[in-house]
Amino acid sequence: MVRSTATFNVIQMPYKNLVSELPSNSTTVSLSVTWVMEVHTSVPGWVVALAVLAGLLLLALLIFIMYKLGFFKRVRPPQEDCTEKEQLQPEENGNTDA
């Protein structure tokens, strides 16, 4: 059994009250909890296999649509200076020491 009690006491009113006694109250609520054991039925294996296959098919369809729309094409920004290419290529005079 779960029991809860709520109480309030008003200590001051926001306006001039003609009543000499301020309101206060208390209440108690009780709740009985009854546990019911349910029999769990397992999900058949073919349902799990079908769900996995459907998920993979949906994923493949999304990837195919994104491929057809050009989502996976790499777009490189234009390079103004060739300093990176010059650093990666060996020097022409045969001297590889920097």
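A short reminder: the numbers here are calculations on the coordinates, not readings from a lab. Not measured: the values here are computed from a predicted model. A quick note on method: Cβ atoms are made from the backbone with ideal geometry, for glycine too, and the neighbour counts reach across all protein chains shown.
Summary table below
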| item | result |
| --- | --- |
| Scope segment 23-47; condition exposed (fewer than 10 other Cβ atoms within 10 Å of the Cβ), without any contact (Cβ under 8 Å) to a residue 24 or more places away in the chain and not hydrophobic (A, V, I, L, M, F, W, C); matching residues | N25, S26, T27, T34, E38, H40, T41, S42, P44, G45 |
| Test: residue in segment 37-46 that is over 30 Å from M1 (Cα atoms) and in a helix (DSSP H, G or I) | yes |
| Segment 12-22, residues that are more than 45 Å from the chain's Cα centre (by Cα) and either loosely packed, with under 10 Cβ neighbours inside 10 Å or touching a residue at least 60 places away in the same chain (Cβ under 8 Å) (or both) | Q12, Y15, K16, L18, V19, S20, E21 |
